[in-house]
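Please read the structure below before turning to the comments.
Values quoted throughout were computed directly from the atomic coordinates according to the rules given, and no laboratory measurement underlies them. Everything quoted here is computed from the prediction, not taken from an experiment. Every residue, glycine among them, receives a Cβ derived from its backbone with ideal geometry; neighbour counts consider all protein chains shown.
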Amino acid sequence: MTKTISIKDIDNTKYEHELYDKGINYIAGVDEVGRGPLVGPVVTACVVLPKDFKLEGLTDSKQLTAKKREQFFDIIMEQALGVGIGIKNEKVIDEVNIYEATKLAMYEAINNCPCPIEHVLIDAMKLEKLEIPSTSIIKGDIMSISISAASVIAKVTRDRMLDELDKKYPMYDFKNNKGYPTKKHIEAIMKYGIIDEHRKTFKPVCDYVKTN
């Protein structure tokens, strides 16, 4: 039987300390949010934490409550050495596809980070054109505290954008679904149609476009 690993059992500073031991002090964690939704941008964050940064309970943003994410967001923004955000909207996503748009947003977040970066830790993806040394980590949003921090910043940033969109288009329930294809969201598309922020290459949005 496979033993389930608790988050508490994971040393989420292992990758950072291996780099610190080599004299590398400015380590950036990079993560994305919003690859699956039908509406809105993909958002990425690049976060450089101080060496002594600790935040009990920090992990992949999807495993945290909205209240806890907001709390952690404020702490990370206050204590981080640098934070950069990258955003690629639905038009870019439809033009180049979501995977490529995510990479573009990651490059943007790294470029927008105001402090020096000596090494980049990335959740799962590889950035081939990045001139800074980097490491792609499977389940990085759990395994690396820097990537976990980036996950929280990206998630809260995007959620706030969808909350604003919800005020304009409450019938789609964006405040609750954040643009993901819930039953209520899809039913609203069939009833009210689509908005400019919908991704026209994503099903069932593209199916609606073809038949209307």
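Under the convention that each Lys and Arg Cβ holds +1 and each Asp and Glu Cβ holds -1, the size of the dipole of the chain around its Cα centre is about 760 debye.
For the chain, the mean residue ellipticity at 222 nm estimated from helices alone is -13000 deg cm²/dmol, where every DSSP H run of n ≥ 4 contributes -39500 (n - 2.57) and the total is divided by all residues, rounded to the nearest 500. Hey, which of these cross-link pairs are over 26 Å Cα-Cα: K103/K168; K67/K103; K88/K139; K22/K67? Those over the limit are K103/K168; K67/K103; K22/K67. Seen from all directions on average, region 36-139 presents a Cα convex hull projection of 7.3 nm². Rg and Dmax of region 85-181, based on Cα coordinates, read 14.9, 46 Å. Using a Gaussian network model of the chain with C-alpha springs under 10 Å, which one of M161, M190, M77 is most mobile by mean-square fluctuation? Residue with maximal mean-square fluctuation among M161, M190, M77: M190. Between E108 and K200, the contour length at 0.36 nm per residue exceeds the Cα-Cα span by 30.8 nm. The structure shown yields Kirkwood radius over Cα pairs in Å, and of the options (1) 17.1; (2) 18.7; (3) 17.8 that calculated value carries the label (3). So which GluC sites (Glu not before Pro) in region 72-128 end up in coil per DSSP with only 10 or fewer other C-beta atoms within 10 Å? Those satisfying the criteria are E128.
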